[in-house]
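In what follows, a single structure is set out as structure tokens and then discussed.
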Amino acid sequence: MKKIKFNLFGVDVQLPENAIRTDNYNGTYIYMGAKHTASVIKQYVKNKYNNRYTVWSTSEVYSGGSSVRVNIWSKNGSPTPLEVYNDVKALGNSLVAGRFDGMYDIYEYENKNITTTKGTPLKYFPSYVFVDNKPQWDSVEYWLNEWKKFDESNYDKLVGDTSWERFVNRNSQFWKKGTLEKLNKYMDNLNKELQELGYDLEEIAA
């Protein structure tokens, strides 16, 4: 499928060609449903921050609305720096259709005026965008973070000759097929990748 490329808040992103739509009310615009919004946020982080962070973005459409959930995490296994997290959260907040008013139990739509750098308007945003500064559950990054926090003193009768083996034996029962292989490969290649991404030795050890 052909893609359309555009610049949003100073960052180049792209969407399928069918995201461009025209109607009598809005004229020509870019349709930003939940799926498209999830894709744009993921691309924004990757392109703005040179792939230093892992981003997971999922979308859901349901009766009465839609939502996007974004998780972001540093590739060195540490939390995303606050300034980066706040930037992504602000982006997410700008790409929602409105807000829920708990006092009156209604969803209030806002008249958004967001355009590409060239002035093409963006329309029909999801109802909610949630951004979390944590790795997605059961991802490689999630288990690496658990490994960094692993405190053997909290457990009895752990099996294994090394701390890593004891961690694996303690947690592998929760892992889906292939997780251990991915973890081992990730750890083997991590330092090299982090150095290529511009992390210094102190950041890698964080």
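The values are calculated or read from the model by the stated rules, or taken from the named source; none is laboratory data. Owing to the predicted nature of the structure, the values given are computational and were not obtained by experimental measurement. Every residue, glycine among them, receives a Cβ derived from its backbone with ideal geometry; neighbour counts consider all protein chains shown.
Here are a few things to note about the model shown:
- Checking Lys123 against (1) touching a Pro at 6+ places or on another chain (Cβ under 9 Å); (2) of a type in the set (Lys, Arg); (3) under 17 Å from Val13 (Cβ atoms), the condition it does not meet: (1)
- Ser78 being under 17 Å from the mean Cα position of the chain (by Cα) and at pLDDT below 95: yes
- Filter result for the condition that a residue is aliphatic (A, V, I, L, M) and either under 20 Å from Tyr142 (Cβ atoms) or in contact with a His (Cβ under 6 Å, 6 or more places away or on another chain) (or both), over Val45, Val61: Val45
- When Leu91, Leu122 are checked against the criterion of being out of contact with any strand residue (DSSP E or B) (no Cβ under 6 Å at 6 or more places or on another chain), aliphatic (A, V, I, L, M) and surrounded by 15 or more Cβ atoms within 10 Å (Cβ to Cβ), a single residue qualifies: Leu91.
- From the options Asn71, Asn111, Asn76, residue that is over 18 Å from Leu8 (Cβ atoms), of a type outside the set (Gly, Ala, Ser) and in contact with a helix residue (DSSP H, G or I) (Cβ under 7 Å, 6 or more places away or on another chain): Asn76
- Test: Glu83 is among the acidic types (Asp, Glu), under 26 Å from Val11 (Cα atoms) and either at pLDDT below 90 or not in a strand (DSSP E or B) (or both): yes
- Scanning region 56-110 for residues that are under 28 Å from Lys149 (Cβ atoms), in contact with a Ser or Thr (Cβ under 8 Å, 6 or more places away or on another chain) and hydroxyl-bearing (Ser, Thr, Tyr) yields a total of 3.
- None of Tyr186, Tyr128 is buried (at least 16 other Cβ atoms within 10 Å of the Cβ), within 30 Å of Gly77 (Cβ to Cβ) and in the same structural domain as Asn47 (by TED's automatic domain parsing) except Tyr128.
- For the criterion of being closer than 30 Å to Ala19 by Cα and part of a loop (DSSP other than H, G, I, E, B), Lys176 fails.
- Among the conditions (1) closer than 28 Å to Val140 by Cβ; (2) surrounded by 14 or more Cβ atoms within 10 Å (Cβ to Cβ), the only one that Gly98 does not satisfy is (1).
- Residues of region 88-105 that are in a helix (DSSP H, G or I) and either β-branched (Val, Ile, Thr) or touching a helix residue (DSSP H, G or I) at 6+ places or on another chain (Cβ under 8 Å) (or both): Val88, Leu91, Gly92.
- Between Thr179, Thr162, the distinction of being within 20 Å of Trp56 (Cβ to Cβ) and of a type in the set (Val, Ile, Thr) belongs to Thr179 only.
- In region 1-25, the residues that are closer than 17 Å to Gly119 by Cβ and without any contact (Cβ under 8 Å) to a residue 60 or more places away in the chain reach residues that are among the acidic types (Asp, Glu) and in a strand (DSSP E or B) with C-beta atoms within less than 7 angstrom, at least six apart or across chains, in these pairs: Lys5/Asp12.
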